[in-house]
Amino acid sequence: MPETSTIAIIPAAGVGSRMGVETPKQYLRLAGGKTMLETTTGIFCAIAEIDRVVVAVSPGDPYAGNLDLGRAELFRTGGESRAQTVTQTLAALAVEAAPGTLVLVHDAARPLVRRSDILALIGKAGEVIREGSAAGAVLAAPVHDTVKRADGTGILTEDISREGLYRIATPQAFRLGELLAALLGCPQATDESSAMRAAGSAVAVLECPADNIKVTRPEDLAFVNRLINREGEERTMDIRIGLGYDSHRFASGRKFILGGVEIPSEMGLAGHSDADALLHAVTDAILGAAKRGNIGVLFPDTNPKYEGADSGKLLRAAWDLVRTDGWRIGNLDCVVIAQKPKLNPHVPAICASIAAILEIDPERVSVKPKTNEGMGFEGRMEGVSVQASVLLTR
């Protein structure tokens with residue numbers, strides 16, 4: 001794996017004894033219906049800049065295997081402490097990952113971390129590492145309240161200046177090799193920044209909102225659920241719209257395939273693959289919405305591998321790539337412009353075919369044939385064009 005890659009580790013081997021429940025807190029369900037671990041993991045799986053997401057649980061964990069953890073990999077490397085879990089997970093990753101790999105460690109019980117803060121932390125860590133000013137960076141919330149110290153009897157004994165004080169949060173980002181060495185040298189560390197500082201490394205801080213809390217007690221869980229339910233809260237659904245277009249000339253001796261369905265026709269469509277203009281437009285719409293390039297980049301017509309290729313398989317490969325980033329299809333709307341053949345009788349089969357390729361409900365797929373009233377190259381029966389739009393959500 002190249003040194004520029006990024007791995008997120010989510011240690012989830014704790015028992016959460018302070019929550020006062022039998023089930024480990026990471027497996028409690030939040031207001032959105034998902035468990036805390038699914039919610040937290042989903043945030044990281046939806047970030048394309050993170051190459052791998054690893055969830056570390058105890059060897060005998062009976063829960064994690066039954067959850068929807070997206071593209072996350074399940075490592076049974078949990079230990080008796082958080083530090084031991086992270087150390088054992090790093091050691092397992094070090095077998096295949098380069099020492100310079102950027103690793104983000106995030107608490108499973110912090111389900112309110114913002115995507116924007118994770119991306120900012122990746123940028124900050126990369127910046128300070130390149131500059132040599134620090135070994136990495138952590139998210140932290142500045143302390144705004146007055147802070148005092150009390151003795152064992154509950155009597156205030158000291159005023160503490162809040163200037164420069166932070167509540168350390170996660171993720172915490174460091175290079176794999178350095179972090180592993182630091183934790184091996186400081187197994188009692190309660191977080192990664194403590195181990196790195198004990199090893200003599202400087203650690204940069206990046207401010208994050210105070211609501212990036214760690215769920216430790218029942219009141220913390222209630223707070224998280226209130227935020228999830230709050231109307232107008234800024235952690236709204238991410239929505240993207242993609243547009244796709246394709247056109248192919250008519251050609252003799254070719255099959256006419258549209259949306260994965262072979263349609264009786266005197267002429268087929270010319271192309272390097274099976275020339276399914278509809279699936280090509282759909283593929284580009286999906287890739288464009290997710291900012292994952294285009295069909296010509298992923299499946300170039302200069303590559304003999306794709307000569308005569310099934311466009312359904314190309315669409316499926318593109319969709320598999322996009323949904324690893326956490327995207328789901330809201331709906332797909334397509335316009336097919338062709339003077340001939342008549343397409344309306346085939347629309348139900350075409351919608352069903354596209355839905356099967358994308359594994360979505362056919363009710364989310366719309367295909368509308370148009371003749372263009374004899375105008376343009378379509379009207380002159382020189383070829384077919386397709387426009388497609390898709391709504392992606394996560």
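Of all lysines in the structure, the ones whose alpha carbon falls short of 29 Å from that of residue 340, not counting any fewer than 8 places away in one chain, are 255, 313, 368, 370. Over segment 258-394, Cα pairs under 8 Å with separation of 6+ residues give a relative contact order of 32 percent. From the alpha carbon centroid of segment 106-145 to that of segment 148-207 is 13 Å. Classified by the C-alpha gyration tensor, segment 299-394 has an oblate form. Its axis ratio a/c, with a ≥ b ≥ c, is 1.5 or above, and a/b does not exceed b/c.
Distance from the C-alpha centroid of segment 65-97 to that of segment 337-394: 45 Å, rounded to the whole angstrom. Here the simple spin-label model places points 7 Å from the Cα toward Cβ, and for residue 91 and residue 22 these points are separated by 3.3 nm.
Each residue of segment 356-366 was assigned a 3J(HN,Hα) from its phi angle through the Karplus expression (A = 6.51, B = -1.76, C = 1.60, θ = phi - 60°), giving 5, 4, 8, 6, 10, 5, x, 5, 8, 10, 10 Hz with x at Gly and Pro. For the chain, the carbon plus sulfur part of the accessible surface works out to 51%, probe radius 1.4 Å. Note on the chain: antiparallel DSSP beta bridges, both residues inside, total approximately 65 percent of the bridges counted.
Quick one, can you get me the convex hull of the C-alpha atoms of the chain expressed as volume per residue in Å³?
Each residue corresponds to 183 Å³ of Cα convex hull volume.
Remark: accessible surface ordering of 375, 267, 381, 36 (largest first) is 375, 381, 267, 36, probe radius 1.4 Å. Couplings for segment 140-146, taken from phi via the Karplus curve 6.51 cos²θ - 1.76 cosθ + 1.60 with θ = phi - 60°, read 7, 9, x, 8, 9, 7, 5 Hz in order; Gly and Pro are left as x.
Would you mind getting me the FRET efficiency between residue 393 and residue 145? Use the beta-carbon distance for r and R0 = 45 Å, nearest 0.05. Let's see the in-between values first.
Numbers: r = 38 Å, r/R0 = 0.84.
E(calc), rounded to 0.05, equals 0.75.
Comparing 365, 335, 381 along the charge dipole axis of segment 303-388, the residue lying farthest to the positive side is 381, per the Cβ-charge model.
When Rg and the Kirkwood Rh are both derived from Cα coordinates, the Rg/Rh ratio for segment 6-139 amounts to 0.97. In the context of the full protein assembly, residue 161 retains an accessible surface of approximately 80 Å², using a probe radius of 1.4 Å and ignoring ligands and nucleic acids. Full extension of the chain between residue 229 and residue 51 gives 61.0 nm of extra length, using 0.36 nm per residue less the Cα-Cα distance. The packing ranking, built from the mean of other Cβ atoms within 10 Å per residue, places the peptides 123-130, 367-374, 320-327 in the order 320-327, 123-130, 367-374, highest first. Around residue 35, which amide H atoms from residues at least 5 apart in sequence, or from another chain, sit under 5 Å from its own amide H, with H modelled in the peptide plane? Result for residue 35 returns 30. For residue 254, the residues whose amide H sits under 5 Å from its own are 268, ignoring neighbours fewer than 5 places away on the same chain, with H placed 1.01 Å from N. Of all aspartates and glutamates in the structure, the ones whose alpha carbon falls short of 17 Å from that of residue 148, not counting any fewer than 8 places away in one chain, are 158, 159, 163. Per residue, the chain reaches -8500 deg cm²/dmol at 222 nm when only DSSP H runs of four or more residues are counted, each adding -39500 (n - 2.57). Mean-square fluctuations from a GNM of the chain, with a 10 angstrom spring cutoff on Cα atoms, peak among 120, 281, 290 at 120.
Based on C-alpha pairs under 8 angstrom that are at least 6 apart in sequence, the chain has a relative contact order of 15 percent. Using Cβ point charges alone (K and R +1, D and E -1), the dipole size of the chain about the Cα centre works out to roughly 340 debye. Phi-derived couplings, Karplus 6.51 cos²θ - 1.76 cosθ + 1.60 at θ = phi - 60°, listed residue by residue for segment 297-308: 6, 6, 10, x, 6, 8, 8, x, 4, 9, 5, x Hz, with x used for Gly and Pro. Between residue 175 and 103, the built amide H atoms are under 5 Å apart, and every one of these is 5 or more places off in sequence or on another chain.
Relative contact order for segment 1-131: 36 percent, from Cα pairs under 8 Å spaced at least 6 residues apart, divided by residue count.
One chain, two ends: residue 162 and residue 368. Fully extended at 0.36 nm per residue, the span grows by 67.8 nm beyond their Cα-Cα distance.
The values are calculated or read from the model by the stated rules, or taken from the named source; none is laboratory data. Note that this is a predicted model, so its numbers are computed, not measured. Please note: Cβ atoms are built from the backbone with ideal geometry, for glycine as well, and neighbour counts cover all protein chains shown. Side chains included, ligands, DNA and RNA excluded: accessible areas come from the protein's heavy atoms. Shrake-Rupley method; radii C 1.70, N 1.55, O 1.52, S 1.80 Å.
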